[in-house]
Amino acid sequence: MKLVRIYLLFLYALTNVVVTAQHENNTSADDALKKLMDGNNRFVEFKQNYPHQNKVRLEEIATSQKPFAIIVGCSDSRVPPEIIFDQGMGDLFIIRNAGNVVDDFAMASIEYAVEHLGVRLIVVLGHERCGAVDATIKGGELPGHLNRLTSEIEPAMLSAKRAAGDLLTNVIYSNTKRITLQINSSEELLKEFVEHKGLKVVSAYYDLDTGKVERIP
Ligand SMILES: [Zn+2]
């Protein structure tokens, strides 16, 4: 009887370890941000390591993934996250669309990576001369679904309109910060992780001329 109890306790412990391991991701938000910024510095100087882009990595991540950061970026072909942060396969969980906006499906993807894969850093990445933001500023009727997209960016434009300096840059900043706030306060899952489980959401800006990524305060 005693042996059975010990065996059951052992089984219980083992199950717990397996369940914990599945959700565990060892990279904190600060470490993840440092990793990204270090990678971007290598990219800017053209001293890339091109990590995790070989057969060993392919096999390593074939049955599970453990990305260390989520990037919410623009679809713009000049801003590919793995390249500008000098990362490889299995490193970044990426959501991209024109204007880096977040709808329910994008939010669900973010939630999956936070809750299920244990990612603790989200970077909302706006970029210089964003076409989606530019189209919003120019206004007017657009074909297809494009109006739906610009209407999502419009509130950022209205709040940035009175600021001094270049309007396009200001709206890109404002849009990026607005999306960051939207993710930060998303009920009920992400807000809980931000407040109690070490999740950080930061805004950043990519410079098309230099390749540099900088935090937006
Ligand atoms: Zn863009």
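Annotations
- Antiparallel DSSP beta bridges within segment 26-215, as percent of all bridges there, nearest 5: 15 percent
- Relative contact order (percent, whole number), the chain, Cα cutoff 8 Å, 6+ residue spacing: 22 percent
- Here is the list for segment 39-87: trypsin sites (Lys or Arg not before Pro) lying in DSSP coil, each with at most 11 other C-beta atoms within 10 angstrom of its C-beta, are K47.
- Heavy atoms of M89: accessible area, 1.4 Å probe, square angstrom to 10: 70 Å²
- Sorting the Cα pairs of segment 138-217 by distance into bins of 5 Å, from 0 upward, gives 3, 13, 17, 19, 19, 16, 9, 3, 1 percent per bin.
- Helix axis angle, 167-184 relative to the chain longest principal axis, alpha carbon, degrees: 30 degrees
- Counting only GluC sites (Glu not before Pro) that DSSP places in a loop and that have at most 15 other Cβ atoms within 10 Å, the longest clean stretch of the chain runs over 46-140.
- Furthest towards positive pole of dipole, M107, P143, N170, structure part the chain, Cβ charges: M107
- Scattering curve values for segment 23-114, log₁₀ I(q)/I(0), Debye with Cα scatterers, q = 0.14, 0.17, 0.23 Å⁻¹: -0.55, -0.81, -1.33
- In segment 26-98, the chymotrypsin sites (Phe, Trp or Tyr not before Pro) that fall in loop regions by DSSP, at most 13 other Cβ within 10 Å: F46
- Cα-Cα pairs of segment 175-217 separated by more than 12 Å (percent): 62 percent
- Radius of gyration and maximum dimension Dmax of the chain, Cα, Å: 20.3, 78
- Accessible surface, 1.4 Å probe, highest first, among residues D76, D38, D166: D166, D38, D76
- Qualifying trypsin sites (Lys or Arg not before Pro) in segment 127-160, DSSP loop, other Cβ atoms within 10 Å at most 16: R129
- Taking every protein chain into account, the accessible area of segment 155-197 amounts to 60 square angstrom per residue (probe 1.4 Å).
- Residues within the reach of a label modelled at S75 (point 7 angstrom out along Cα to beta-carbon, backbone nitrogen below 13 Å), restricted to segment 130-158, are 131-133, 144-150.
- Per residue, the Cα convex hull of segment 77-200 amounts to 126 Å³.
- A probe of 1.4 angstrom, applied to the heavy atoms of all protein chains, finds H116 with accessible area near 60 square angstrom.
- Percent carbon-and-sulfur accessible area, segment 26-215, ignoring ligands, DNA and RNA, probe 1.4 Å: 53 percent
The values are calculated or read from the model by the stated rules, or taken from the named source; none is laboratory data. If you're wondering where the values come from, they're calculated on a predicted model, not measured in any experiment. Reconstructed Cβ throughout: ideal geometry from the backbone, glycine too, with neighbour counts over all protein chains shown. Accessible surface is based on the protein model in full, side chains and every heavy atom, while ligands, DNA and RNA are left aside. Shrake-Rupley method; radii C 1.70, N 1.55, O 1.52, S 1.80 Å.
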